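Read-outs: derived from the displayed coordinates by stated rules, not from any lab. Keep in mind that this is a model prediction, so the values were computed, not measured. Every residue, glycine as well, gets a Cβ built from its backbone with ideal geometry; the counts of neighbours run over all protein chains shown.
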Amino acid sequence: MTRSVLILGASGRFGRACSKAFSDGGWQVQHFDRSADNLMIAARGVQVIVNGWNPDYPDWAAQVPDLHAQVIDAARSSGATVIVPGNVYVFGAQTLGPWSENTTHQARNPLGCIRIEMEAAYRRSGVRTILLRAGDFLDTRASGNWFDMIMTKDLAKGRFTYPGNPDLAHVWAYLPDLARAAVALADLGDSLPVYADVPYPGYVLTGQELLAAVNRVVARPTRLKHMNWLPLQLTRPFWAMGRCLLEMRYLWTTAHRLDGTLIETLLPDVHQTPLDVAIASALPSELIERDVQPNQVVATGRNPGLT
């Protein structure tokens with residue numbers, strides 16, 4: 001029987017990556033159109049719902065609880081498993097790492113608290129849920145993330161702009177790899193717990209290490225420039241997004257990593273794209289110096305050479 005997956009937010013980063021990965025994995029992929037479709041009807045007969053819905057930060061308080069409640073209701077009615085892209089916001093700056101599925105959620109800031117309650121709603125619901133937790137994204141196209149919007153926007157001018165302490169570890173996930181992991185976890189079916197919190201370790205890199213990787217693949221060497229947060233501070237009183245970005249600034253001044261023990265147990269043959277290949281595919285082709293094969297992957301254990 002052909003397995004089917006319903007993608008919510010297929011035009012967004014995670015939804016788009018999962019759409020391709022599930023299709024490549026032999027699943028029948030359906031995209032949900034919020035302007036025309038009914039979620040309860042669309043979810044009938046699907047085995048998996050990928051919840052790629054992600055409102056802008058300022059809309060989280062008003063929209064996140066209701067959007068996820070709708071997904072929970074649809075999954076309960078259809079019997080589908082929900083895959084949710086988790087993040088590291090739930091832990092808070094004071095939480096010792098590495099962060100795992102057993103780490104207490106101690107965030108006290110508004111965005112972190114919203115995520116804590118959202119995850120708790122899935123845990124309480126009894127709906128089969130895979131929460132695949134990752135750090136910041138490396139995407140295959142410009143999608144408004146930290147890497148393409150801030151760090152590499154001035155590479156052509158020889159500048160790599162870093163928003164935090166470049167000597168502290170930060171966790172990154174290459175979206176095609178993360179989406180393939182989502183498919184592999186979905187393939188495990190009922191062998192997973194009803195609520196599976198699965199951290200994805202990705203690449204653990206300091207800002208200096210990330211810059212070095214960029215410089216290995218670009219035609220023109222770049223130098224590190226520290227991001228100036230003052231404009232955000234000045235716009236804070238009247239720009240909601242700026243306030244939210246400042247709220248999450250601690251992730252750039254707090255060394256962190258995700259513990260990959262669980263996913264390596266569940267998916268011992270998980271593949272991770274070599275870092276330089278991921279970086280090259282996340283940059284405009286005109287900036288790349290050497291030919292890096294975009295589809296090259298290697299089997300890895302616990303991030304050799306990256307942690």
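For the chain, give the share of DSSP beta bridges that are antiparallel, in percent and rounded to the nearest 5; count only bridges with both residues there.
Just about 15 percent of them are antiparallel.
How far apart, in nanometres, would the label points at Asp56 and Ser77 be if each is projected 7 angstrom from Cα along the Cα-to-Cβ direction?
3.0 nm
So how strong a dipole does the range 183-254 carry about its Cα centre when Lys and Arg Cβ are +1 and Asp and Glu Cβ are -1, to the nearest 20 debye?
720 debye
When the Karplus curve 6.51 cos²θ - 1.76 cosθ + 1.60 is applied with θ = phi - 60°, which whole-Hz ³J(HN,Hα) does each residue of the range 156-163 get, with x for Gly and Pro?
Residue by residue, the range 156-163 yields 4, 9, x, 10, 10, 8, 10, x Hz.
Order of His31, His256 from fewest to most other C-beta atoms within 10 Å?
Arranged by neighbour count, lowest to highest, His31, His256 become His31, His256.
Rounded to the nearest Å, what's the spacing between the alpha carbon centres of the range 189-248 and the range 116-140? Just the number, please.
So the two Cα centres are separated by 19 Å.
State whether the range 193-277 is rounded, prolate or oblate according to the following rule on the C-alpha gyration tensor (a ≥ b ≥ c being the square roots of its eigenvalues): a/c under 1.5 gives rounded; otherwise a/b larger than b/c gives prolate, and the remaining case gives oblate.
oblate
Would you kindly work out the equivalent ellipsoid of the range 60-211 from its C-alpha gyration tensor and give its semi-axes, the square roots of five times the eigenvalues, largest first in whole Å?
30, 17, 16
Assuming R0 = 30 Å, what is the FRET efficiency of Asp190 and Gln70, from their Cβ-Cβ distance, to the nearest 0.05?
0.80
Which FRET efficiency, nearest 0.05, do Arg3 and Lys225 yield, Cβ-Cβ r, R0 41 Å?
It comes out at approximately 0.30.
When the Cα atoms of the range 93-133 are enclosed in a convex hull and the volume is divided per residue, what value in Å³ results?
78 Å³
Would you please give the residues with an amide H less than 5 Å from that of Thr129, counting only those at least 5 places away or on a separate chain, with H modeled from the backbone geometry?
Placed amide hydrogens put Val82, Tyr195, Ala196 under 5 Å from Thr129.
Take the alpha-carbon positions of the chain, form their convex hull, and give its projected area averaged over all directions (one quarter of the hull surface) in nm².
Average projection, Cα convex hull of the chain: 15.7 nm².
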